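The values are calculated or read from the model by the stated rules, or taken from the named source; none is laboratory data. Because the structure is a prediction, the values reported are computed rather than measured. Heads up, the Cβs are rebuilt from the backbone with ideal geometry, glycines too, and the neighbour counts pull from every protein chain shown.
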Amino acid sequence: MRIFVTGGSGFVGSAVIRHLLAAGHAVTGLARSEKSAAALDKAGASVERGDLADTKILGAAASAADAVMHLGYSHDFSQMALAADIDRAAIEAMGQALAGSDRALIVTSGLAGLAPGRAVIEEEASTHAAGNGRVSEKTASAFAENGVRVGIVRLAPSVHGNGDHGFVPILIDIARRTGVSAYIEKGDNLWSAVHVEDAAEVYLKALKAMGRGVSRFHAAADRGIPFRDIATTIGQRLGVPVQSISAAQASAHFGWMGMFAQLGMSASSIETQKRLGWTPAGPGLIEDLETGTYFDAGQRGLS
C-alpha cells in the first residue's frame with residue numbers, strides 16, 4: 001500500500017515508518033524542515049515538503065495515497081487553541097480527499113485526561129477532560145459517514161524508549177534541576193505507558209483490522225503505574241530525595257507539568273489486544289527507566 005504519514009520524523013512517527021517499510025508498504029512522509037526531510041529519506045521514505053498548515057498539500061498527498069496516518073501535532077502548550085485549529089483543518093483536508101473512497105484515515109489521539117480516576121476503554125468516545133482543546137477524534141470520526149474508514153490510535157501518556165522527549169524526560173529534568181523527585185499527595189494516581197515499538201505495531205496492525213465506521217485502539221501496555229513509583233525510580237537513578245508534595249505546591253515544583261503529574265491516566269487495551277492480535281513485547285516503563293537510556297548524557301526532555 002501507498003501510505004501518507006504526517007509526523008513521520010518524530011519519536012513515534014519514525015518508529016511507525018520503520019514498521020510500515022519493513023512490512024513492505026511504500027511510505028511518503030510530510031517534512032517541514034530540511035532536517036525532517038533528511039531523516040525521512042534516510043529511513044527509506046519518500047518526502048512531501050510542507051507542514052500541517054498546508055492544507056492543499058495535505059489534501060493532494062492524501063488523494064494519492066491508499067491510506068493516511070496522521071501523527072503530526074504541535075505540542076506547544078502556550079498555543080493550545082492554535083494547535084487544535086491547525087490539527088482540525090489538517091484532518092478535514094485529508095478526510096475530504098479520502099471521502100467516498102473507503103480508504104483508511106488513522107489519526108492520533110491521547111489517553112491523558114479521558115477518564116480521570118479510572119481506566120478508559122476503547123468504546124468510550126473522547127471527552128478530552130484534560131482541557132487541551134484537541135478535537136482530532138471528533139473531526140476524523142465525522143468522515144466515517146462520508147465513505148472513509150476512520151481509525152483512532154490513542155497513545156498512552158508515556159510512550160517510552162530511546163529518544164523519548166515526552167513527559168518522563170521532563171520529569172527527570174525537573175528532578176535534576178530541583179534536587180527532588182516529587183509526587184503529589186499519596187502519588188497513587190495511575191499512568192498508562194507503552195514502549196514506542198509496541199505503539200508503532202498498533203498503527204501497522206490497525207491498518208489491516210479496521211472495518212467501516214470508526215475504530216478506536218489503545219496503545220497502552222502498562223495499564224496503570226502509580227506516579228509515586230515513577231518518581232521513586234527517577235529519584236533512585238538520580239540519587240536525589242523522593243518526597244510527597246501537596247497539590248498546592250504542584251505548580252511551583254512542576255510548572256505546567258503539575259496538571260499531568262496529578263492526573264489519573266490509566267487505560268485498558270484488552271479490546272485492542274484481542275482485535276489486533278497485539279501482544280506488547282517491549283519493556284515496561286519502570287524497567288525502561290532502570291535499564292534504558294533515560295539517564296545517559298544528552299538524554300533530555302523538551303518543555
Do the conditions hold for Val202, that is, is it surrounded by 21 or more Cβ atoms within 10 Å (Cβ to Cβ), in contact with a strand residue (DSSP E or B) (Cβ under 9 Å, 6 or more places away or on another chain) and part of a helix (DSSP H, G or I)?
yes
With Ala26, Ala84, Ala65, Ala31 as the choices, which residue is touching a Lys or Arg at 6+ places or on another chain (Cβ under 9 Å), in contact (Cβ under 8 Å) with a residue 60 or more places away in the chain and closer than 19 Å to Ile106 by Cα?
Ala65
Restricting region 233-252 to residues that are touching a residue at least 40 places away in the same chain (Cβ under 8 Å) and in a loop (DSSP other than H, G, I, E, B), the one surrounded by the fewest Cβ atoms within 10 Å (Cβ to Cβ) turns out to be Ser246
Residue satisfying all of: in region 63-81; modelled with pLDDT under 95 and closer than 17 Å to Gly7 by Cβ; surrounded by the fewest Cβ atoms within 10 Å (Cβ to Cβ) among these:
Asp76
I'd like to check something: does region 168-181 contain any residue that is loosely packed, with under 15 Cβ neighbours inside 10 Å, at pLDDT 95 or above and touching a His at 6+ places or on another chain (Cβ under 9 Å)?
yes
Could you identify the single residue in Ala97, Ala60 that is modelled with pLDDT of 95 or more and either closer than 14 Å to Val27 by Cα or surrounded by fewer than 18 Cβ atoms within 10 Å (Cβ to Cβ) (or both)?
Ala60
Give the residue, chosen from Glu185, Glu201, that is on the phi > 0 side of the Ramachandran plot and modelled with pLDDT of 95 or more.
Glu185
Looking at region 39-62, is at least one residue part of a loop (DSSP other than H, G, I, E, B), over 22 Å from the mean Cα position of the chain (by Cα) and at positive phi?
yes
Kindly check whether there is at least one residue in region 213-224 that is more than 26 Å from Arg118 (Cβ to Cβ), surrounded by fewer than 15 Cβ atoms within 10 Å (Cβ to Cβ) and in the same structural domain as Glu122 (by TED's automatic domain parsing).
no
Within region 217-242, which residues are out of contact with any Gly (no Cβ under 6 Å at 6 or more places or on another chain) and among the basic types (Lys, Arg)?
Arg223, Arg237
Scanning region 253-283 for residues that are at positive phi and not in a loop (DSSP other than H, G, I, E, B) gives Gly255
Any residue in region 265-283 that is of a type in the set (A, V, I, L, M, F, W, C), surrounded by fewer than 20 Cβ atoms within 10 Å (Cβ to Cβ) and closer than 16 Å to Asn162 by Cβ?
yes
Determine which member of the set Ser33, Ser9, Ser101 is among the small types (Gly, Ala, Ser) and within 19 Å of the chain's Cα centre (by Cα).
Ser9
Do we find a residue being in contact with a Gly (Cβ under 8 Å, 6 or more places away or on another chain), touching a residue at least 40 places away in the same chain (Cβ under 8 Å), surrounded by 14 or more Cβ atoms within 10 Å (Cβ to Cβ) and in a helix (DSSP H, G or I) anywhere in region 113-133?
no
